[in-house]
Amino acid sequence: MKATFDYHTMTIDWEDHRYPFTEIELDNNSSYVLISTMQLEQQLLNSDGLPKNSEAEWLDNKICFYVETPQQLNLPPKAIMKMIYD
């Protein structure tokens, strides 16, 4: 099962659940990264931290960073990046 990205609702459909994500631009150079929540990461990875299957690996490779709560995705991009790198 492949994930479906819905840019209107900013959600990822994965295994009959929806997980929020955001997309932010890095360094004003038109390079974007996707950020989602650790709840999604927990669904993609097994207890060893490896993807559960090839589809999970594909999706995990699309997400650059994970944050703890969906509310953190609503922060300004600079605040999200500061939180990730602190």
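Worth pointing out:
- Number of the condition not met by T37 [criteria: (1) among the polar types (S, T, N, Q); (2) touching a Ser or Thr at 6+ places or on another chain (Cβ under 9 Å); (3) at positive phi]: (3)
- Taking each residue of segment 1-14 that is at positive phi and looking for partners that are among the aliphatic types (A, V, I, L, M) with beta-carbon atoms closer than 8 Å, six or more apart or interchain, yields M10/L73.
- Considering residues of segment 10-37 that are closer than 16 Å to K78 by Cα and aliphatic (A, V, I, L, M) only, the residue farthest from the chain's Cα centre (by Cα): L26
- Filter result for I24 (touching a Pro at 6+ places or on another chain (Cβ under 7 Å), surrounded by 13 or more Cβ atoms within 10 Å (Cβ to Cβ) and of a type in the set (V, I, T)): yes
Here is a yes/no grid of residues against (1) modelled with pLDDT of 95 or more; (2) of a type in the set (V, I, T); (3) surrounded by fewer than 11 Cβ atoms within 10 Å (Cβ to Cβ):
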site: M10; (1), (2), (3): yes, no, no
site: T37; (1), (2), (3): yes, yes, no
site: Q43; (1), (2), (3): yes, no, no
site: L50; (1), (2), (3): yes, no, no
site: Y66; (1), (2), (3): yes, no, no
site: Q72; (1), (2), (3): yes, no, no
site: P76; (1), (2), (3): no, no, yes
site: I84; (1), (2), (3): no, yes, no
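The values are calculated or read from the model by the stated rules, or taken from the named source; none is laboratory data. Small disclaimer: the values here were computed from a predicted structure and weren't measured. Cβ atoms come from the backbone with ideal geometry, glycine included; neighbour counts cover every protein chain shown.
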